[in-house]
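Data block below; observations after.
Bear in mind these aren't lab numbers, they're just calculated from the coordinates by the rules spelled out. In this text the structure is predicted, and so the values were computed from the model without any measurement. Glycine also receives a Cβ, built like all others from the backbone with ideal geometry; neighbour counts cover every protein chain displayed.
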Amino acid sequence: MPTADSSKNGFPVVILVGISGVGKSELARQLELDHRWLHINVDEGGGFEKVGLARGWGSLEEQRDGAPLAHAVIDRARSLGKVGAVLSLPSDCMMHVERVRAADAGGLKTIVLWGDWELCKTARRARDQKAGDPPVEDERYERINKPAYDTYGSDDFLHLRVDAFGPDDERVAVALTARAVLRSVWP
């Protein structure tokens, strides 16, 4: 099967990961609205099966082959007239180093949206409050997010991180973060 390398075919496909509250969905919506990208929200969409990408994710996860997932996403995005695609993953669906390498070989660029633990947790609570949902309990937040925070905080992921918060601890404007993502895909 030919590679779906986005740098070769001019069609960027990004897997956006990070802990809850860092702004993955917000950034993906910005790319969707302002840059004509397809946003596939795996978390809010109910998982890979419900968004129709179970087979592609299975190939990445089990055979370490990212091309089937890339092809499925590219085909869907092109059929909708989009110029790129972003998959935002739930925080408990981690991209380990081997998975990142396989995704990259298949044409999927992994980007870790990064932020301070407490800032992300505060942002998550604000999102819950805005939606009228009860705030996530500390124990549950930690159980779900700590493995991802520790993994993405390692030096192995330093080159994939895009900061979501500025020096004043305010969330960086989504448009600026979107531009950083676009630059990492199209250098």
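The order of His39, His159, His96, His71, going from fewest to most other C-beta atoms within 10 Å of their C-beta, is His159, His96, His71, His39. Across the options Val83, Cys93, Gly52, the greatest Cα extent toward the positive end of the charge dipole of segment 8-101 (unit charges at beta carbon of Lys, Arg, Asp, Glu) belongs to Val83.
For Val83 and Arg143, what does the FRET efficiency come to when R0 = 45 Å and r is the distance between their Cβ atoms, rounded to the nearest 0.05? That pair, Val83 with Arg143, gives E of 0.75. Annotation for Glu98 and Glu118: the two label points, set 7 Å from Cα along the Cα-Cβ direction, are 3.7 nm apart.
Order these by the 10 Å Cβ neighbour count, fewest first: Thr151, Thr110, Thr122.
The order, fewest Cβ neighbours first, is Thr122, Thr151, Thr110.
Rounded to whole numbers, the Karplus 3J(HN,Hα) couplings from phi for segment 23-33 are x, 4, 5, 5, 5, 4, 5, 4, 4, 5, 6 Hz, using 6.51 cos²θ - 1.76 cosθ + 1.60 with θ = phi - 60°, and x at Gly and Pro. Run the simple label-point estimate for Asp75 and His35 please: 7 Å along Cα→C-beta, distance reported in nm. For the pair Asp75/His35, the computed spacing is 2.5 nm.
A simple rule links phi to the HN-Hα coupling: the Karplus curve 6.51 cos²θ - 1.76 cosθ + 1.60 with θ = phi - 60°, which for segment 95-108 gives 9, 6, 3, 5, 5, 4, 4, 5, 4, 4, 4, x, x, 10 Hz, with x for Gly and Pro.
Taking amide H positions as modeled 1.01 Å from N, with prolines and chain starts lacking one, the residues under 5 Å from Thr110 and 5 or more places away or on another chain are Ile15. Classify segment 1-145 as rounded, prolate or oblate from the Cα gyration tensor: take a ≥ b ≥ c as the square roots of its eigenvalues, call it rounded if a/c is under 1.5, otherwise prolate when a/b beats b/c and oblate if not. Judged from the Cα gyration tensor, segment 1-145 comes out prolate (a/c at least 1.5, a/b above b/c).
Taking Cα pairs under 8 Å and at least six residues apart, what relative contact order does segment 6-185 come out at, in percent?
31 percent
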